[in-house]
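**Q** One structure, as structure tokens, below. Some questions next.
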Amino acid sequence: MRDKSRISAPQPPNDRSTDVKSVANISIAVSNVGSIIVGAITLVIVAVGRAVVGDSVISVGVSDGVPSVSIGFVGEVVVAAAAVGVGVGGSIIVNSVAFMTFIGNAVRGVSRLRLTLRQTRVAAPLAVAVWIGGRSRRWQAEPWEVDLTTSPRPIRYSLGLVVAATRMRLYDLGGLLVKVARWVLASNRRTWWPLGTLLTLAALNIHLSQGWGSAFYTLPGIVGFHLGVEWLRHRWGIEVKPKPSASDLGRDQ
Amino acid sequence: MPEPPPKIRLTTTTRLVLDLFLTTSPDDPLWGYRITEETGLGPGTVYPLLERLEKAGWITGSWETGLPEDRPRRRLYTLSGTGRQEYAALQAARARRRLPRWGWVPGGARH
């Protein structure tokens, strides 16, 4: 299915940033709901603790003829929990205000986009997809939205967008792990200190539990690790910086 | 250290999408939904692939101009010169790998 309307004469692009913002606001609202739920759970825990402790918080009595008020350990815990409760309560109020603002913006955005009742059912997965995609991909809300409204099966398509955003984030995570691995492999010290320690401990553990005979069989494992590290360095094109020799250091001085 | 461009592997889905780019005129750019329709792939596959291809410089993305009033802009993609060259090189390498190293040649070796 091709839309020929885009072949019309070039015009200055419209400012669609408000529409994109509306979708982005929905995604922020989703994250706020998450934080409110966490806050509410914490509040419930504090409330339950207060109910269980009951009246043994503060004891009023007379000590050596002098009236005194003592707060026990349990009381201190309750006071601390109450402080946490106040903090959580404050954050809930702030989050609620922010949430209502975002919802208001989202509703206005949705009405601006003239989404019908059927289409609002796909707006939620789209917002989730934008939220999962992260801040760096918020701009994709615009092309995703237009593709979604073009599709004859928008609900299915919107779920596909959620899958796409998830895969993109997993790819980001994989990229981050690869970056860390490359950094570790670029130095012999960073590679072999942790790995060598781990392998030595493993060999010692086997020696202590099963004796030298079994520990001897960890040697192929150590060789295997060495070959694996070298293979990975070769495959990723990582060159290990040579350790500066004493003569090099003396020349610098 | 600058982030290296993502490595593109020639999977079936990648070849499907790149073949579609090759058969499409540069004056008739593609966008996400159209690619899903013409290749039969789902959006969960197409959009991450488009992102990787764009980061690697194989395709070029641009915003739609001359858009109608009733909808947002599309993101249009065209195959770049780099993409064309890299794809051809990878396909050639793939074809070479498929040839058996040892095999019977009719007429015998002529070198």
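**Q** For A:R235, indicate whether it is at pLDDT 85 or above and surrounded by fewer than 10 Cβ atoms within 10 Å (Cβ to Cβ).
**A** yes
**Q** Further question: Which is at pLDDT 90 or above and either in a strand (DSSP E or B) or over 16 Å from the mean Cα position of the chain (by Cα) (or both), of B:T65, B:T60, B:T82?
**A** The conditions single out B:T60.
**Q** Which pairs turn up if I take residues in the range A:177-197 that are farther than 14 Å from A:F225 by Cα and look for partners that are of a type in the set (D, E, K, R) with beta carbon separation below 6 Å, at least 6 apart in sequence or on another chain?
**A** A:V184/A:R190
**Q** Residues in the range B:17-28 that are in contact with a Ser or Thr (Cβ under 7 Å, 6 or more places away or on another chain), open to solvent by less than 70 Å² (accessible area, probe 1.4 Å) and in contact (Cβ under 8 Å) with a residue 24 or more places away in the chain: how many?
**A** Matching residues across the range B:17-28 total 1.
**Q** Give the residues of the range A:184-232 that are among the small types (G, A, S) and exposed (fewer than 12 other Cβ atoms within 10 Å of the Cβ), sorted by residue number.
**A** A:S209, A:G211, A:G213, A:G224, A:G228
**Q** Consider A:E142 against the criteria (1) at pLDDT 90 or above; (2) at the interface with another protein chain (Cβ under 9 Å from one of its Cβ atoms); (3) open to solvent by less than 70 Å² (accessible area, probe 1.4 Å): it satisfies all of them except one. Which criterion is unmet?
**A** (1)
**Q** Next question. For residues in the range B:57-71 being open to solvent by less than 20 Å² (accessible area, probe 1.4 Å) and either more than 13 Å from B:W31 (Cα to Cα) or touching a His at 6+ places or on another chain (Cβ under 7 Å) (or both), which is nearest to the other protein chains (Cβ to nearest Cβ)?
**A** B:G66
**Q** Tell me, which residue of the range B:29-54 that is out of contact with any helix residue (DSSP H, G or I) (no Cβ under 7 Å at 6 or more places or on another chain) and open to solvent by 40 Å² or more (accessible area, probe 1.4 Å) is nearest to the other protein chains (Cβ to nearest Cβ)?
**A** This residue is B:E37.
**Q** Here's something else I'd like to know. Of all residues in the range B:1-51, which are in a helix (DSSP H, G or I) and polar (S, T, N, Q)?
**A** Matches in the range B:1-51: B:T12, B:T13, B:T14, B:T23, B:T36, B:T39, B:T45.
**Q** A:R182 fails exactly one of the following numbered conditions: (1) more than 9 Å from every other protein chain (Cβ to nearest Cβ); (2) under 31 Å from the mean Cα position of the chain (by Cα). What is the number of that condition?
**A** (1)
The values are calculated or read from the model by the stated rules, or taken from the named source; none is laboratory data. Computed from a predicted model, the values in this text were never measured in an experiment. Please note: Cβ atoms are built from the backbone with ideal geometry, for glycine as well, and neighbour counts cover all protein chains shown. Accessible surface is based on the protein model in full, side chains and every heavy atom, while ligands, DNA and RNA are left aside. Shrake-Rupley method; radii C 1.70, N 1.55, O 1.52, S 1.80 Å.
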